[in-house]
Amino acid sequence: MKSPLILAIDQGTSATKCLLVNERGEVVARGSAPLGEQHPKPGWVEQDGLEIVRSVQGAVRACLEGQDPRAVLAVGLSNQRESLVVWDERTGEPLAPVMSWQDQRTVGMCDELRSPDNEQLIRSRSGLPLDPMFSAAKARWLLDLLDARRTRSRAGEVRLGTIDSWLLSRFGGEHLIEVGNASRTQLLDVRRMDWDDDLLRLFGVPRQALPRVVSSAGPFPGLKGLDPLPSGVPVMGVLGDSHAALFAHGAFTPGQVKVTYGTGSSVMGLVERPDDLANGLCLTIAWAREGLRPAHAAEGNIRAAGATLRWMASLLEISTDALADLAAGASSDGVTVVPGFNGLGAPHWDRAAVGLVTGCTFATGRATLARAALESIPHQVCDVIEAIDRSAGRVERVHADGGPTRNPVLMQLQADLLGRPVLPSTTSELSALGAAHLAGLSTGLWSQDVLNGISRERRVVEPRMQPAERERARETWRHAVDRARSRTKQ
């Protein structure tokens, strides 16, 4: 009898990646398929729902090439969060492009809803600030476009869902959503783990259009239409991508925090007392399994991380690799880049903040600007971790993942500015691996004790910066952020 395998699917913003994991937790095969996005108007970011489906099919085929698909015991899924799909219940076809998590077209709608009472309701129930990034305003925008009277959506003829929900419907035939993904919609009561009627009324979203909320281990349907995977292989774990990365790090207890570096960045860690969070942090359901207490997490979302480096590289007319090389041997020399391109995310959540380059002199050159752009990433992460320190107790060390962690200068900067060790994973597909770990745990392939003991490849970066130097750098950053936010303080 062949050794059992877990197939992990990570549906991300720019690609779908797949891993095949054996019973020892080792990756035995990989596959990927690229994915595009469209920008039809300023601030609009869209994807094609059917292209997402095809990318999943292509990545699965690539991963299983040369493997025995009959050995796949179960599937784990991780996915980009907050992006919203609307489709026809009868045909299963999308009714509009996917509104990406990056999309900003609902800024005006959020401003119309903004009042002390509404913001208090939204934060107290959903754990999230009123912001265009989350799915609720996207749902209202799409329904206003497609079903202004809400007739079809109240009849269940129009369906809404995040990417996990879209894929489970497409390949499994059921309208479901995993509870952690649901907690990022701004329509879920994060304590009751069910849709909240007051939030549904506020955003004008009928309950009948939404999927049924299930735990991170399901029950989910068996899959079909993912050749060469045999029909009926069960999905045994679904997690949002940041949640899956936290799971893969083995950060199963409060006090452990991970940073996922990408286009933006997500800082997340489990918390013991969800009601004690600082206002600048989001309360999220990391995962929930039957019979166990749901794992709540504090999260801070940073809008521009890798995006800042791409912007600066374009400005200097060099590649991002060349920018990293330029920054490596330079000093920021008092120059600070605050990447408020579309406002600032956590812990400020200030949409009116502006992008800012400050501290320039006649001596400021390309290398100085490159270094300042690079330093903006760890400074933003420090802002969020300091908020977690104030809410849940000091974080002693930080796990890290994502492509930018391969930059040793960035990781050293992060450890220096935090004043504590940073542990970058040497495995690049953390989200897929976390989905695999949950699926294997749910099938009984591994116990929790075995999963705790699985080897996790990482290195340790210790801080080298002196405390006085660190505080000067942080104070310079704080002053620059205050200037970027000065419009909202007048």
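The values are calculated or read from the model by the stated rules, or taken from the named source; none is laboratory data. The model shown is predicted, which means the values in this text are computed figures rather than measured ones. Positions of Cβ are backbone-derived with ideal geometry, glycine not excepted, and every protein chain shown enters the neighbour counts.
Here are a few things to note about the model shown:
- Qualifying residue in the range 327-343 (condition: in contact with a Phe, Trp or Tyr (Cβ under 6 Å, 6 or more places away or on another chain), on the phi < 0 side of the Ramachandran plot, of a type outside the set (F, W, Y) and in a loop (DSSP other than H, G, I, E, B)): no
- Only one entry in G222, G173, G204 is in contact with a Gly (Cβ under 6 Å, 6 or more places away or on another chain) and surrounded by fewer than 24 Cβ atoms within 10 Å (Cβ to Cβ), namely G222.
- Among the residues of the range 295-326, those that are of a type in the set (A, V, I, L, M, F, W, C) and not in a helix (DSSP H, G or I) comprise A295, A297, A298, I302, A304, A305, I318.
- Here G329, G255, G343, G306 are screened, and the one residue that is out of contact with any His (no Cβ under 9 Å at 6 or more places or on another chain), assigned by TED's automatic domain parsing to the domain that holds P378 and surrounded by fewer than 17 Cβ atoms within 10 Å (Cβ to Cβ) is G329.
- Subset tally (residues that are more than 20 Å from F220 (Cα to Cα) and surrounded by fewer than 24 Cβ atoms within 10 Å (Cβ to Cβ)) for the range 56-91: 11
- Among the residues listed as V481, V450, the single one being in a helix (DSSP H, G or I) and touching a residue at least 40 places away in the same chain (Cβ under 8 Å): V481
- All positions within the range 217-264 that are part of a loop (DSSP other than H, G, I, E, B) and modelled with pLDDT under 90: G250, A251, F252, T253, P254, G255, Q256, G262, T263, G264
- Members of the range 132-157 found to be over 19 Å from L199 (Cα atoms) and either assigned to a strand (DSSP E or B) or of a type in the set (G, A, S) (or both), listed by number: A155
- Restricting L451, L438, L433 to residues that are touching a helix residue (DSSP H, G or I) at 6+ places or on another chain (Cβ under 7 Å), surrounded by 13 or more Cβ atoms within 10 Å (Cβ to Cβ), modelled with pLDDT of 95 or more and farther than 16 Å from R397 by Cβ narrows the list to L438.
This table checks each residue for (1) assigned to a helix (DSSP H, G or I); (2) within 22 Å of V56 (Cβ to Cβ); (3) free of Cβ contacts under 8 Å to residues at least 60 places away in the same chain; (4) assigned by TED's automatic domain parsing to the domain that holds L226.
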position: D164; (1), (2), (3), (4): yes, yes, no, yes
position: S169; (1), (2), (3), (4): yes, yes, no, yes
position: I177; (1), (2), (3), (4): no, yes, yes, yes
position: G180; (1), (2), (3), (4): yes, yes, no, yes
position: Q186; (1), (2), (3), (4): no, no, no, yes
position: D198; (1), (2), (3), (4): yes, no, no, yes
position: L202; (1), (2), (3), (4): yes, no, no, yes
position: V205; (1), (2), (3), (4): no, no, no, yes
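- Residue within the range 57-77 that is closer than 25 Å to V205 by Cβ and either hydrophobic (A, V, I, L, M, F, W, C) or over 18 Å from the mean Cα position of the chain (by Cα) (or both) present: yes
- Selection over the range 418-439 of residues that are part of a helix (DSSP H, G or I) and in contact with an Asp or Glu (Cβ under 8 Å, 6 or more places away or on another chain) gives a count of 4.
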